Amino acid sequence: MALCSRLPCEVAWPPVAGYVEPAKCSLKGLQHPHKRLPPVSVAKLRKFLLRVYGFFTAAGARLHIGIDDLHYAALKEELRRTFSDRFVSAEGNGLVGTVSPNSVEELRDLVDVAARHAVPLLARGAGTSPHVPLAVAGLQVSLRGLQRLLALDPAAGVAAIEPGMTWGALIRELQPQGWMPRVYPSSRAVSTVGGFVAQGGVGVGSFEFGSIRQSVARVRLLTPQGELLEVAGDDLGSVVGGEGRTGLIVEVDLLLQAWAPMEPLIAAFNSVEDVERCLADLWRQPLPVWSIGLMDQAAVSLQVSQGAPVEALPKGRCAALFSFRCQDRKSVLPQLRGSILGAGGRVSAIRGTHDQWIDRFMGLQALATTPVPLQFSLGLGKLRPMLRALRPELRRRLGFEAVVANTALPMAVRFFLLEPPRDLAENVDVAHELLSIARSLGGQSLPSQVLSAGSDYRTPRREASTE
């Protein structure tokens with residue numbers, strides 16, 4: 001996610017999360033203990049010295065960095081005065097430092113400081129999703145200080161939430177009041193509301209309710225000019241899934257569902273083709289299934305090696321997790337079992353709670369082997385062709401998890417390298433290869449494009465009782 005302070009320079013919006021292109025402007029001026037040099041003096045000095053020493057020589061590069069360091073030293077000094085210990089300076093890694101505002105007013109102060117110093121703001125959530133390392137200097141803003149449940153409207157079934165609140169904390173606060181989110185990420189314990197909304201995520205509950213975009217009623221946004229805007233309706237498409245390009249999310253109004261205990265059912269299949277046959281059958285039925293997650297054989301083997309019961313997740317087989325409300329058991333179970341058995345699968349005996357199985361079915365991200373995301377959306381029946389199109393050598397290096405979502409392209413697939421790449425370039429090459437295959441099958445990359453405004457979302461199968 002990235003928010004660029006547009007004044008006093010223009011910066012192209014980033015093509016991927018966390019990446020900000022260099023600002024095409026000269027420095028505003030240098031802070032000095034006794035005086036501030038006028039902007040024109042700094043610009044002329046820089047131009048002259050870089051012409052003399054050469055930008056691409058070692059001396060020129062050191063000079064270029066030295067001038068920027070003086071500029072950022074002044075910025076850091078102002079940040080320490082304004083935010084005290086809530087500013088943490090950083091050296092290297094493309095970061096000036098991290099600021100953690102505790103209020104919207106402080107966040108506005110930060111936007112003003114960044115604008116005056118022509119420094120991009122880089123908003124981060126909990127960092128649970130893969131992201132590309134920063135390419136240029138910027139100032140990271142952590143919204144974890146804004147983590148309150150602001151209001152709950154039981155009549156409308158809507159909660160107003162600050163962006164730094166984790167989904168786990170939100171679930172704990174809502175449950176005693178009889179509510180729960182309609183959709184949330186599998187990494188609910190640490191993922192933030194703002195981060196998941198900014199990415200336009202799909203996750204637990206998406207089979208019934210679609211992406212998080214379908215559960216956002218309104219967003220309050222802080223623009224690069226320091227203005228607070230309320231965004232709702234069709235305009236939400238520029239914010240939900242926008243990864244911070246239009247501003248910083250400071251408040252989210254979420255549509256909720258009545259709290260209900262969920263029952264997990266695990267099915268094992270011999271192949272991805274069998275899984276897709278089962279899903280195609282379920283897609284045609286109006287069953288009140290809340291969530292569906294998938295793992296391939298490599299992911300199953302990893303989970304078993306980490307302690308998952310082998311009787312529920314037999315090695316060498318694909319697995320699917322179906323979640324539904326306990327109150328719907330009698331209406332769901334017979335048809336669900338029929339779809340599983342009809343596709344050649346078998347229902348597994350399981351132990352453990354629904355939440356434990358959610359964690360097991362979305363656990364590959366914890367490997368931290370894939371810094372550049374390999375996430376794609378596909379139509380039903382397109383996962384198997386994509387796997388067939390992979391080079392055998394590459395397929396052996398990959399595992400995947402998937403969520404089935406009530407969106408135009410229902411299969412949200414997240415691939416992982418089973419071993420860390422030699423370097424970032426290797427990871428990027430794999431991403432390009434997978435994206436090319438996905439596009440040839442009518443798919444696209446996640447999270448941005450498939451969740452943008454105007455997508456051909458189907459009507460949710462089941463209306464929430466809170467709407």
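Being basic (K, R), modelled with pLDDT of 80 or more and surrounded by 14 or more Cβ atoms within 10 Å (Cβ to Cβ): is that true of R422 here? Lay out the reasoning, then the answer.
Values: basic (K, R): yes; modelled with pLDDT of 80 or more: yes; surrounded by 14 or more Cβ atoms within 10 Å (Cβ to Cβ): no.
Spelling it out, it is not the case that R422 is basic (K, R), modelled with pLDDT of 80 or more and surrounded by 14 or more Cβ atoms within 10 Å (Cβ to Cβ).
Check whether at least one residue in region 279-286 is among the polar types (S, T, N, Q), touching a residue at least 40 places away in the same chain (Cβ under 8 Å) and crowded, with 24+ Cβ neighbours inside 10 Å, and report yes or no. Walk me through how you get there before you give the answer.
Here is the first cut: in region 279-286, the ones among the polar types (S, T, N, Q) are 285.
With touching a residue at least 40 places away in the same chain (Cβ under 8 Å) added as a condition, the list becomes 285.
If we keep only those that are crowded, with 24+ Cβ neighbours inside 10 Å as well, we get none.
For region 279-286, residues among the polar types (S, T, N, Q), touching a residue at least 40 places away in the same chain (Cβ under 8 Å) and crowded, with 24+ Cβ neighbours inside 10 Å: absent.
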>> Suppose we filter region 159-208 for residues that are under 26 Å from P288 (Cα atoms) and of a type in the set (D, E); how many remain?
In response: 2
>> If M165 meets every condition in (1) surrounded by fewer than 23 Cβ atoms within 10 Å (Cβ to Cβ); (2) closer than 23 Å to S100 by Cα; (3) out of contact with any helix residue (DSSP H, G or I) (no Cβ under 8 Å at 6 or more places or on another chain) apart from one, which number is that one?
In response: (3)
> S238 passes all but one of (1) out of contact with any Phe, Trp or Tyr (no Cβ under 9 Å at 6 or more places or on another chain); (2) at pLDDT 90 or above; (3) surrounded by fewer than 22 Cβ atoms within 10 Å (Cβ to Cβ); which number fails?
Replying inline: (2)
> Here are some residues: V216, V272. Which one is under 30 Å from E106 (Cα atoms), out of contact with any Phe, Trp or Tyr (no Cβ under 6 Å at 6 or more places or on another chain) and not aromatic (F, W, Y)?
Replying inline: V216
> Inside region 146-256, counting only helices (runs of 4 or more DSSP H) that do not spill past its ends, which hold 1 or more residues that are in contact (Cβ under 8 Å) with a residue 60 or more places away in the chain and among the β-branched types (V, I, T)?
Replying inline: 193-199
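For the structure I just gave you, tell me whether A431 is assigned to a strand (DSSP E or B), surrounded by 16 or more Cβ atoms within 10 Å (Cβ to Cβ) and among the small types (G, A, S). Working first, answer last.
Working: assigned to a strand (DSSP E or B): no; surrounded by 16 or more Cβ atoms within 10 Å (Cβ to Cβ): yes; among the small types (G, A, S): yes.
Against the criterion (assigned to a strand (DSSP E or B), surrounded by 16 or more Cβ atoms within 10 Å (Cβ to Cβ) and among the small types (G, A, S)), A431 does not qualify.
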> strands (runs of 3 or more DSSP E) wholly in region 318-380 with at least 1 residues that are farther than 29 Å from L424 by Cα - which ones?
Replying inline: 318-325, 346-348
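Against the definition (touching a helix residue (DSSP H, G or I) at 6+ places or on another chain (Cβ under 6 Å), among the small types (G, A, S), at pLDDT 95 or above and surrounded by fewer than 16 Cβ atoms within 10 Å (Cβ to Cβ)), how does G338 come out, yes or no?
Judged against the criteria, G338 is not a match.
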> Which of the residues belonging to region 83-123 are more than 20 Å from L229 (Cβ to Cβ), in a helix (DSSP H, G or I) and either out of contact with any strand residue (DSSP E or B) (no Cβ under 9 Å at 6 or more places or on another chain) or assigned by TED's automatic domain parsing to the domain that holds G194 (or both)?
Replying inline: S84, D85, R116
> What is the one condition in (1) crowded, with 16+ Cβ neighbours inside 10 Å; (2) at pLDDT below 95 that D456 does not satisfy?
Replying inline: (1)
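The values are calculated or read from the model by the stated rules, or taken from the named source; none is laboratory data. Predicted model only: the values in this text are computed from it and were never measured. Reconstructed Cβ throughout: ideal geometry from the backbone, glycine too, with neighbour counts over all protein chains shown.
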